[in-house]
2 protein chains.
Amino acid sequence: MNKPQITIKDIARELGVSPSTVSRALKDNPDISQETREAIHKYAREHNYKPNALALNLRTSRSNTIGVIIPQLVHHFFSCVLSGIEETAAKAGYNILVAQSNEKYEQEVKIVHSFLAARVCGVITSLAKDTSQYDHYQELLDNNIPIVFYDRICTGINTERVVVDDYAGSFSAVEYMIQTGCKRIFFYSAAPHLEISKNRRNGYLDAMKKYKIPVNESMIKFCDTREQAIAITPDILERDDRPDGFFAINDETASGILYSCKLVGLKVPDEVSICGFTDGAIAQSTDPKLTTVEQHGKEVGKSTIDILIDKIEENTNTRSVNKIIRTNLVVRGTTK
Amino acid sequence: MNKPQITIKDIARELGVSPSTVSRALKDNPDISQETREAIHKYAREHNYKPNALALNLRTSRSNTIGVIIPQLVHHFFSCVLSGIEETAAKAGYNILVAQSNEKYEQEVKIVHSFLAARVCGVITSLAKDTSQYDHYQELLDNNIPIVFYDRICTGINTERVVVDDYAGSFSAVEYMIQTGCKRIFFYSAAPHLEISKNRRNGYLDAMKKYKIPVNESMIKFCDTREQAIAITPDILERDDRPDGFFAINDETASGILYSCKLVGLKVPDEVSICGFTDGAIAQSTDPKLTTVEQHGKEVGKSTIDILIDKIEENTNTRSVNKIIRTNLVVRGTTK
DNA sequence: TTGTAAGCGTTATCAT
DNA sequence: ATGATAACGCTTACAA
């Protein structure tokens with residue numbers, strides 16, 4: 001029942017050779033005679049020999065492991081990113097250590113230290129909403145551990161970054177709404193200090209500007225959940241100058257807007273257009289289905305890990321890269 | 001800039017003591033004199049000494065790491081489970097290695113082997129839809145690595161299991177539909193060989209039986225995605241004996257049913273009731289919102305890791321545990 | 001109270 | 001063509 005893992009020494013003893021011979025034979029070193037090599041391979045196969053990664057790790061001071069920090073695991077976009085990372089990492093033979101910061105700076109610091117202790121070969125991370133200090137990341141760099149940031153990137157230190165093209169995604173969504181007849185589009189944003197809020201806001205503003213549509217502050221709301229949207233939208237719809245379009249920072253919020261519009265009897269998309277951001281499961285399940293900006297989280301993940309592996313294996317000291325993953329507008333039923 | 005990690009030997013050399021003294025001092029062994037101990041601690045602190053986990057791992061043949069297999073990362077329920085696992089594991093000082101099987105048996109086998117190579121202390125897993133052989137898991141057990149299965153459990157080998165109370169969830173959902181007037185309820189199931197399919201089917205059957213409602217095989221369909229639901233439901237709705245209720249294996253499928261019903265002009269819930277399973281983001285965003293069975297994924301995760309850590313640390317050879325996490329019905333707009 | 005030495009499993013270096 | 005030895009960083013009998 002309980003067969004403990006067999007080691008090189010075991011093989012050596014059984015076959016009456018030295019451990020070094022076994023080691024060499026196992027990696028097909030041509031120094032070893034055909035005969036010996038085959039015998040060793042055969043024995044290893046039959047006894048299900050597996051090299052002890054722990055020993056290898058110690059020898060090489062490398063763990064073949066990549067640390068991944070996720071602000072929140074239960075989140076469509078982040079799941080996609082993680083999935084992209086996992087797939088590529090697995091193919092390349094790396095294991096991934098996953099930890100979530102829960103948007104807390106303190107937690108993030110702890111995770112980084114645990115990654116340091118585990119001697120990860122590299123780290124992929126997205127900042128917690130909380131984080132505004134970067135010493136812990138600098139510590140990684142000081143230990144020669146490369147970092148790639150995604151989505152919530154860090155401009156405070158010198159590393160690689162992968163972001164979604166929020167600006168362009170936002171611009172083209174708003175432009176599309178304008179082109180299909182919207183004249184008064186509101187923007188529901190997340191916390192204003194976040195990069196994504198700024199970039200999407202700029203895309204919105206620039207699209208409006210391009211078509212010479214006036215915007216004032218009352219048209220931009222801090223609202224990034226379904227509940228909030230349901231709370232604030234009815235009032236907005238009662239105004240004389242009610243909006244004929246809404247651009248929301250995520251699908252959740254857009255679904256809340258949609259709900260509110262239908263509740264007061266407005267026809268979507270005939271009387272009001274709505275556009276979200278993410279293209280998660282929600283977007284397919286509203287009625288009508290949501291027009292939204294697709295974020296390609298999986299590609300973000302794929303890019304981060306590709307860049308990281310490059311860094312790890314080539315150890316190139318090229319200057320840092322900013323990679324931008326394109327977004328694209330998925331037109332469904334909530335816009336004309 | 002580049003300060004390499006300092007080792008016990010470094011400290012020993014600098015302080016003119018032996019490595020063993022340093023080792024002992026660092027773990028506050030009372031044998032070491034107050035004075036020496038403090039000096040060593042001080043030096044270690046100042047030079048940011050961190051024990052090399054890789055060396056510890058080799059020494060103890062334990063990696064302090066738990067391997068987690070997830071069928072699909074981009075999936076509400078599984079994200080919740082992973083999140084629960086991560087939180088508890090982090091608190092207990094374990095790192096988690098995450099890998100997704102993508103529902104493929106072959107991938108699952110590869111992952112298990114990579115976990116074996118990484119010398120994980122334990123494994124948490126849910127079977128791929130594909131998997132019907134368990135040798136790879138047996139191999140883990142043979143190496144004394146405990147396993148806890150969650151959700152898609154394996155009854156083929158002797159391990160711990162954590163499941164949601166599919167039977168009761170299913171039973172009470174169907175009972176509720178019956179009590180609110182449904183007389184002819186269809187069940188859309190996942191692959192019949194999966195435990196979850198069997199259990200939910202039994203819940204459905206027993207509820208129907210309790211109220212003496214006849215069921216025949218034509219009322220049970222293998223359909224577990226939105227697309228499939230949209231493909232098969234219209235035909236079903238055209239029958240003379242069309243259903244007045246649908247119980248679906250997940251929210252996605254339920255949202256497809258809802259879509260189809262609305263498309264042919266049936267009123268939900270007046271003419272047709274629909275109930276899903278999961279209570280993810282989708283359930284809140286359909287119109288009307290979905291009645292569904294809440295699964296408590298996070299609790300599932302928490303339980304798996306609790307049980308696993310018990311196994312690892314106590315190494316109790318107690319017989320295996322089946323833990324059942326309660327579900328509860330969330331009544332929203334798609335049922336009366 | 002402290003030091004010495006062996007060992008975890010592997011491989012690189014230097015013999016033979 | 002093969003073997004002996006040392007080393008990766010740490011811990012722990014055992015010795016002093």
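The values are calculated or read from the model by the stated rules, or taken from the named source; none is laboratory data. Predicted, not measured: the structure shown is a model, and the values here were computed from it. FYI the Cβ positions are ideal-geometry reconstructions off the backbone, even for glycines, and counts take in every protein chain you see.
Restricting the stretch B:35-50 to residues that are free of Cβ contacts under 8 Å to residues at least 12 places away in the same chain and more than 12 Å from DNA strand C (Cβ to nearest atom) leaves a set whose member that is farthest from A:Leu116 (Cα to Cα) is B:Lys42. No other residue among B:Ile32, B:Ile11 is within 7 Å of DNA strand C (Cβ to nearest atom), away from chain A (no Cβ under 14 Å) and of a type outside the set (Lys, Arg) apart from B:Ile32.
Listed here are the residues, each with its yes/no results for (1) more than 12 Å from chain A (Cβ to nearest Cβ); (2) in a strand (DSSP E or B); (3) closer than 26 Å to B:Phe277 by Cβ.
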residue	(1), (2), (3)
B:Asn102	no, no, yes
B:Lys110	no, no, no
B:His113	no, no, no
B:His136	yes, no, no
B:Thr155	yes, no, yes
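Any residue in the stretch B:220-231 that is of a type in the set (S, T, N, Q) and at pLDDT below 95? Taking every residue of the stretch B:220-231 in turn, at least one turns out to be of a type in the set (S, T, N, Q) and at pLDDT below 95. Per this entry, B:Ile147 is counted among residues that are crowded, with 21+ Cβ neighbours inside 10 Å and within 23 Å of A:Tyr49 (Cβ to Cβ). Candidates B:Val98, B:Val162, B:Val120: the one that is within 12 Å of another protein chain (Cβ to nearest Cβ) and either in a loop (DSSP other than H, G, I, E, B) or within 25 Å of B:Cys275 (Cα to Cα) (or both) is B:Val120.
Within the stretch A:29-51, the set of residues being surrounded by 14 or more Cβ atoms within 10 Å (Cβ to Cβ), within 11 Å of DNA strand D (Cβ to nearest atom) and not in a loop (DSSP other than H, G, I, E, B) comprises A:Thr36, A:Arg37, A:Ala39, A:Ile40. Looking at this structure, is B:Tyr105 more than 30 Å from A:Arg59 (Cα to Cα) and aromatic (Phe, Trp, Tyr)? Spelling it out, B:Tyr105 is indeed more than 30 Å from A:Arg59 (Cα to Cα) and aromatic (Phe, Trp, Tyr). Taken together, A:Ile274, A:Ile230, A:Ile324 contain a single residue that is assigned to a helix (DSSP H, G or I) and among the β-branched types (Val, Ile, Thr), which is A:Ile230.
No other residue among B:Glu252, B:Glu294, B:Glu313 is at pLDDT below 95, of a type in the set (Asp, Glu) and under 22 Å from B:Phe186 (Cβ atoms) apart from B:Glu252. Residue pairs whose Cβ atoms lie under 8 Å apart, sitting 6 or more positions apart in sequence or on different chains, and linking a residue in the stretch A:182-211 that is without any contact (Cβ under 8 Å) to a residue 40 or more places away in the chain to a partner that is basic (Lys, Arg) and surrounded by fewer than 14 Cβ atoms within 10 Å (Cβ to Cβ), do not occur here. Of all the numbered requirements in (1) within 26 Å of A:Leu141 (Cα to Cα); (2) within 12 Å of DNA strand D (Cβ to nearest atom); (3) modelled with pLDDT of 90 or more, B:Ser18 misses one, and that requirement is (1).
Scanning the stretch B:14-28 for residues that are in a helix (DSSP H, G or I), within 44 Å of the chain's Cα centre (by Cα) and more than 10 Å from DNA strand C (Cβ to nearest atom) returns a single hit, B:Leu26.
For the stretch B:277-291, what are the residues that are polar (S, T, N, Q) and either within 18 Å of B:Pro234 (Cα to Cα) or outside any helix (DSSP H, G or I) (or both)? The answer is B:Thr278, B:Thr286, B:Thr291. In this structure, does B:Ala25 turn out to be more than 14 Å from chain A (Cβ to nearest Cβ) and touching a Pro at 6+ places or on another chain (Cβ under 6 Å)? The answer is no for B:Ala25.
For the stretch A:119-128, the count of residues that are surrounded by fewer than 21 Cβ atoms within 10 Å (Cβ to Cβ) and touching an Asp or Glu at 6+ places or on another chain (Cβ under 7 Å) is zero. No other residue among A:Leu54, A:Leu82 is assigned to a helix (DSSP H, G or I), out of contact with any Ser or Thr (no Cβ under 6 Å at 6 or more places or on another chain), under 11 Å from A:Ile124 (Cα atoms) and at the interface with chain B (Cβ under 7 Å from one of its Cβ atoms) apart from A:Leu82. Of everything in the stretch A:58-82 that is among the small types (Gly, Ala, Ser) and farther than 20 Å from B:Ile282 by Cα, the residue that is nearest to DNA strand D (Cβ to nearest atom) is A:Ser61. Could you tell me whether any residue of the stretch B:103-117 is more than 16 Å from DNA strand D (Cβ to nearest atom) and in contact with a strand residue (DSSP E or B) (Cβ under 6 Å, 6 or more places away or on another chain)? Yes, that holds for at least one residue.
Among the criteria (1) closer than 14 Å to A:Asn95 by Cβ; (2) away from DNA strand C (no atom under 16 Å from the Cβ); (3) buried (at least 20 other Cβ atoms within 10 Å of the Cβ); (4) not hydrophobic (A, V, I, L, M, F, W, C), the one B:Asn57 does not fulfil is (2).
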